[in-house]
Structure formats: C-alpha cells, structure tokens
1. From the list A225, A216, pick out the single residue that is small (G, A, S), in the same structural domain as G33 (by TED's automatic domain parsing), touching a helix residue (DSSP H, G or I) at 6+ places or on another chain (Cβ under 7 Å) and crowded, with 20+ Cβ neighbours inside 10 Å.
2. Of the conditions (1) surrounded by fewer than 17 Cβ atoms within 10 Å (Cβ to Cβ); (2) touching a His at 6+ places or on another chain (Cβ under 7 Å), T249 satisfies every one except a single condition; which number is it?
3. Under 29 Å from D302 (Cβ atoms), in the same structural domain as S177 (by TED's automatic domain parsing) and not polar (S, T, N, Q), is that true of A117?
4. Residues in the stretch 133-151: is at least one of a type in the set (S, T, Y), under 30 Å from N3 (Cα atoms) and in contact (Cβ under 8 Å) with a residue 40 or more places away in the chain?
5. Criterion first (buried (at least 21 other Cβ atoms within 10 Å of the Cβ) and either in contact with a strand residue (DSSP E or B) (Cβ under 7 Å, 6 or more places away or on another chain) or free of Cβ contacts under 8 Å to residues at least 12 places away in the same chain (or both)) does E8 satisfy it?
6. Any residue that is part of a loop (DSSP other than H, G, I, E, B) and either assigned by TED's automatic domain parsing to the domain that holds I211 or hydrophobic (A, V, I, L, M, F, W, C) (or both) - is there at least one of those in the stretch 48-61?
7. Select, from D110, D92, D103, D140, the only residue that is modelled with pLDDT of 95 or more and in a strand (DSSP E or B).
8. For the stretch 200-231, give me each residue that is of a type in the set (D, E) and part of a loop (DSSP other than H, G, I, E, B).
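The values are calculated or read from the model by the stated rules, or taken from the named source; none is laboratory data. Bear in mind that the values here come from a model prediction, so they are computed numbers and not experimental data. As a convention, Cβ positions derive from the backbone with ideal geometry for all residues, glycine included, and neighbour counts pool all protein chains shown.
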Amino acid sequence: MVNEHKLEVRKFTSMADGTDAVLHIHEIVGGAGDGPTVGISGAIHGDENTGPQIIRALWPILTQTPFKGRIKLLPVANPRAFAANNRFTPVDQLNLNRQFPGDPHGCYTDQLAAAIAGEFLEKIDIHFDLHSGTDRPTVDYVYIMNAENLSRAFGSRVLYRPKENVGGTTFSGTTKSVTVDKRGIPAVVVELGGGILDQAPYVRRGVDGVINMLKAARVFDGDPAPPPPQIVVRGIEGVRPKQGGWLETEAPALGEEIAGEAVLGRVVSPFTFETLEVIRNPVEKGIMILSHLSRNLVEPGDYGYMVGDLAEAET
C-alpha cells in the first residue's frame with residue numbers, strides 16, 4: 001500500500017496587512033499498518049535554518065518508504081521569524097520556545113504557541129524537535145529527556161542530560177511542557193548544524209539520525225544502527241563575548257575535549273586589528289558543543305561558545 005500525503009494549512013489569526021497567519025502541517029500515513037503518530041518540527045527559532053532543511057530532505061523518503069503509523073511534519077514552526085531570519089518573533093519580539101502552551105486570546109506568539117500545541121503537539125505520540133545554530137555559530141548535541149534510547153539512536157557523540165530543577169526553568173514554556181510534562185510522550189530535542197558553512201553534511205546527518213530514531217521507535221522496518229561511543233554531560237557552560245568584533249576561534253572541533261583555561265577564541269577589531277578580548281574555557285575539563293567555525297562578526301553578549309562540563313559526565 002502506498003503512503004498517503006496531505007498538506008493541512010491551519011489559520012490561527014489575522015495580520016494587520018490583511019494576510020492570514022497559518023501553519024503548514026504535512027501528514028503522511030504509512031502504508032505498512034498501524035503505529036504511532038510521530039511529529040517532526042523545525043524552526044521553533046526562526047534563525048535556525050538547518051532543521052527545515054533536514055525535514056525537506058526527509059520528505060521524499062517519508063512519502064515513498066512504507067512505514068507504520070503516521071508522521072506529521074511542521075517544517076517551519078515560526079514562519080514570521082523564519083522569514084526575517086530572527087530568533088524571536090518579529091511581531092512582538094517574544095521567544096516562541098518560552099511561550100508554550102500558549103494562549104489563543106493572547107499576543108501573536110501566544111496564539112502561535114497555542115496553535116502549535118492544539119494542531120500538532122497534542123495530536124502526536126512521539127516528538128522530534130530539530131534545532132540548530134544560527135547563521136553564525138554551529139552546534140552538535142542531543143538532549144536526553146524521557147526517551148534515552150531515541151536520543152542515543154540519533155547518533156551524535158555528545159548528549160545532554162540536564163540536571164533536575166536547575167533554577168526551575170530549564171525547559172519552562174518550551175515544547176517539552178506540552179509533550180513531556182503534560183502528555184508524557186517520548187520526545188527528543190536535536191541541536192545540529194548552523195554557521196556560515198555548507199549545511200549539506202549536517203542535513204545528511206540529520207536525515208540519517210531521524211531515520212535511525214524511526215527504526216528505534218519501530219516505525220520504520222529494520223534494526224537501528226548502534227550509536228558511536230557517546231558522552232553524556234550534566235552541565236553546559238555558555239560563554240558570550242564581552243566585546244564586539246570578529247570572533248576568531250582557536251578551540252578544537254565540535255565533540256573534541258578542551259582543557260581548562262584553554263583559549264576558545266579571540267575577539268579582534270575589524271578596524272584596528274587589535275585583540276579586544278581573549279575568551280577561555282571556563283570549566284576544568286570540557287567538550288565542545290557549540291562554536292564559531294568561521295571568522296564571524298559578533299556583538300557583546302552574542303552566542304560565543306558552549307562547553308559541556310566533563311566533571312560529572314557519563315561515558
């Protein structure tokens with residue numbers, strides 16, 4: 001039996017320019033029998049372009065390969081922010097991933113979150129949420145939340161198991177509040193790609209990783225490929241430059257270890273060429289999970305680096 005595909009366009013509010021604010025949700029019904037409904041989303045943050053590219057590359061595979069159950073695709077969860085290449089929704093400057101479960105009577109981003117919750121998150125049994133770096137930093141790790149086998153099956157070398165009750169807001173208002181906390185369904189958050197780089201290698205990895213998770217969930221036939229040796233960190237330190245200018249990275253590659261006090265990068269003035277700031281690893285022994293892989297322009301406080309703390313890591 002051939003897979004069935006339909007595109008649902010769901011309006012949730014009207015804009016001042018007379019256009020409708022809508023969500024585009026694909027539903028693919030597998031031709032191999034009953035099974036769970038898997039939701040795959042991208043671009044919760046509008047400047048994270050790799051997730052939608054992974055979903056676009058998955059689409060012909062999912063429509064042509066028999067599988068069990070249904071798959072819902074939400075390739076662009078935040079359309080206005082995506083069009084503006086902006087992390088936050090430009091209409092009200094709110095972070096969609098802090099507004100869940102939303103409010104259908106609230107501001108634009110609240111209504112968007114409520115629409116995603118009602119039309120997508122509350123209609124799925126498994127959730128894969130694809131995030132990435134922006135058009136400057138590049139990232140590579142996967143969260144472990146409540147489905148460790150699926151998180152590991154994606155195949156990234158570094159995974160992140162957040163410590164419980166870190167400030168009480170580790171996942172406050174995110175999709176997790178609807179999928180994991182409210183509904184208890186298996187969920188995986190992937191952080192992969194980004195940067196002023198060819199995204200094709202990350203897209204290929206993303207496609208392979210999602211398909212392997214679908215095998216682990218018994219949606220696709222076949223045994224999942226075993227993961228590579230993996231490290232699970234319990235803490236991540238974010239490092240942001242205090243000066244603006246070119247950020248020139250000296251850190252090792254993503255997934256590689258870095259010693260305490262080692263230089264992560266330097267902020268250099270594009271005008272005088274002087275070094276304005278030397279940025280060092282803040283943990284005694286770390287592993288790189290977010291970095292700038294090309295000479296990028298940064299403002300004070302921009303995302304610089306993220307280093308996993310190996311002090312309490314699981315191997």
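1. A216
2. (1)
3. No; evaluated as a whole, the condition is false for this residue.
4. No; the residues of the stretch 133-151 include none that is of a type in the set (S, T, Y), under 30 Å from N3 (Cα atoms) and in contact (Cβ under 8 Å) with a residue 40 or more places away in the chain.
5. No.
6. yes
7. Criteria check complete, one pass: D140.
8. Residues satisfying the conditions are D221, D223.
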